[in-house]
Amino acid sequence: MYRFAQQTLIDWCKQKQFKPLLLRGARQVGKSYLVENFAKSHFDSYVTINFEFNRKFQTCFNTLDPSKIVNLISTMANQDIIPGKTLLFLDEIQECPNAILALRYFKEKMPKLHVIGAGSLLEFTLNKSEFRMPVGRIQSFYLTPCSFYEFLLAKGKRKLLDYLTNVTLAEGIDAGLHGLLLDELREYFVLGGMPEVIAGFVNDPDLRRAHTAQASLIEYYRKDFGKYDDKVKLDYLQSLFDKIPNLIGQKFKYVNIDPHALSRDLKPALQALIDAGLVYPTYHTSASNLPLQSTINERIFKLFFLDIGLVSYMSQVDIETLMSENLIMLNRGQLAEQFVHQELLAHSRVYEKTHLYYWQREKAGSTAEVDFIINIGTKIIPIEVKAGKTGRLKALQIFLNEKKLNLGIRVWQNQLAYHERILSIPLYLVAEIPLLIRTLPN
């Protein structure tokens, strides 16, 4: 299964000067597969150390000297490690914090050896007060579930992907292809972007069989709860994990999780799910200036889940309904919002953790909310995920007028269009938002 992130790894290994990589992301998004597939095609050899399965290798990092570390690993693994020809992959690196600390010294003392560390519960180690992250000598790399485009590639739909990446506002989208792409998107709403689920469907194209793989993934995540911070209560983790898929796109309130629990007790559990990469907060921003991060209110936020396929499964959305009804309206619009959130993250810069934002105004008799606020360069761009005519986009129009902006985006199920400051984009074209904006008339 090809991942676009592989090209980023190729560019990294071709640099004359490079830093060790720290690959971050939730369990089962394909980190190990990505690295090993990349290593097979771009190095003479690769050595993989999984600290979860082979704890004996942790003793190699009792020293921080790269030469000694490499000699010990080479001897224990009975494999040559040659700078410039071998990739050293340290998987589940959070199980050996000294290995994370040692990465900085590879940059300084063994700069020609390509080293990648990866960990699914890595944030728990990095966030510990006693742990000092070696800043400046390590490059982080963030991986999310497969995007809709990667799903098309996995199914062998290269021509559809080529078509999408060359769409123009002037030519629009062929009506027949529009229908076909919506059908593909419906499948993605059921399956989502977890590599195991997609691979299973490609081998056996039965949507209902995907539920078996999804159930297994969910159980896998639940079993991980015991590995989180021991100060976090398991019952709160379970409640949040089970209920968040049905609260997507809503202003988050702790009372909706457990009316009898105190928010101060639920907050650590929520933060643990965020650190594990299973849940993403989207904060309210006033969007008064850039960077958007500087204008947020951390007390007001919405939550999104790791993957739309898991959301569909956990919300028990019927497959027949998914395959027939308006995608924007499904589950009160929650699935469409989850999809847009997931696509925006998947097509963001991989070398930094991307944060998404939204805007709301709460005045008596005049409430308004815009689903997402992003910036492309110096432009602040509001995005609404809505059905209906342009004239009904009240919140989007209010935002544009208040902020004196000349462009808003409506994501919907219909055709590509541009009318009076509103660029309307079919759901399957979210990845092309930057390109389409650049081609708009001034």
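The values are calculated or read from the model by the stated rules, or taken from the named source; none is laboratory data. These numbers come from a predicted model, not from an experiment. Methodologically, a virtual Cβ is constructed for each residue, glycine included, from the backbone with ideal geometry; neighbour enumeration extends over all protein chains shown. These area figures cover heavy atoms from the full protein model, side chains too; ligands, DNA and RNA do not enter into them. Shrake-Rupley method; radii C 1.70, N 1.55, O 1.52, S 1.80 Å.
Based on the mean of other Cβ atoms within 10 Å per residue, sort peptides 181-187, 12-18 so the most packed one is first. Could the numbers behind the result be given before it?
Values: 181-187: 17.1, 12-18: 11.4.
Output ranking for 181-187, 12-18: 181-187, 12-18.
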Residue separation times 0.36 nm, minus the C-alpha to C-alpha distance between L435 and N375: what's the value? 20.3 nm
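With a probe of 1.4 Å, find how much accessible area region 65-121 has per residue, and write the answer as a whole number in Å².
On a per-residue basis, region 65-121 sits at 40 Å².
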Contour minus end-to-end for E219 and R137, with contour as 0.36 nm per residue of separation and end-to-end as the Cα-Cα distance? 25.9 nm
Here are some values of semi-axes √(5λ) of the Cα gyration tensor in Å: (1) 38, 25, 22; (2) 41, 26, 21; (3) 35, 29, 22. Which one was computed from this structure? (1)
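Report the gain in length on full extension from Y33 to N256: 0.36 nm times residue separation, minus Cα-Cα distance, nm rounded to one decimal. Write down the numbers at each step before the final one.
On the way: separation 223, 0.36 × 223 = 80.28 nm, distance 3.75 nm.
76.5 nm is the gain from fully extending Y33 to N256.
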As an exercise, use a Förster radius of 30 Å and the Cβ-Cβ distance of K56 and C13 to find the FRET efficiency, rounded to the nearest 0.05. 0.60
Could you check the simple spin-label distance between N401 and K68, using points 7 Å along Cα→Cβ, in nm with one decimal? 7.0
Of R264, R55, R222, which is the most mobile in a GNM of the chain whose springs link Cα atoms less than 10 angstrom apart? R264
Going by average Cβ neighbours within 10 Å, how do the peptides 372-379, 408-415 rank, with the highest at the top? 408-415, 372-379
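Heavy atoms only, probe 1.4 angstrom, no DNA, RNA or ligands counted: give me L101, L327 ranked by accessible area, highest first.
Values: L101 50, L327 0 Å².
My answer, sorted largest first, is L101, L327.
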Packing-based order for 21-30, 334-343, 204-213, using average beta carbon neighbours within 10 Å, highest first: 334-343, 21-30, 204-213
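What is region 288-442's relative contact order, in percent, from Cα pairs under 8 angstrom and six or more apart in sequence?
On the way: 181 pairs, mean separation 25.5, N = 155.
It rounds to 16 percent for region 288-442.
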Spin-label model distance (nm) - K85 vs K363, 7 Å beyond Cα toward Cβ: 7.0
Based on the Cβ-Cβ distance of S324 and H355, what FRET efficiency does E = 1/(1 + (r/R0)^6) give at R0 = 30 Å, to the nearest 0.05? 0.30
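Expressed as a whole percentage, what fraction of the accessible surface of the chain belongs to carbon and sulfur atoms when a 1.4 Å probe is rolled over the protein heavy atoms? Before the final figure, lay out each step's value.
On the way: 9680 of 20090 Å².
The nonpolar share, carbon plus sulfur, comes to 48 percent.
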At what distance in nm do the modelled label points of S286 and S41 sit from each other, each positioned 7 Å from its Cα along Cα→Cβ? 4.8
Rounded FRET efficiency, nearest 0.05, which uses the C-beta distance separating N78 from N297 and R0 of 56 Å: 0.50
Roughly how many Å² is the accessible area per residue of region 154-248, as a whole number, for a 1.4 Å probe? 49
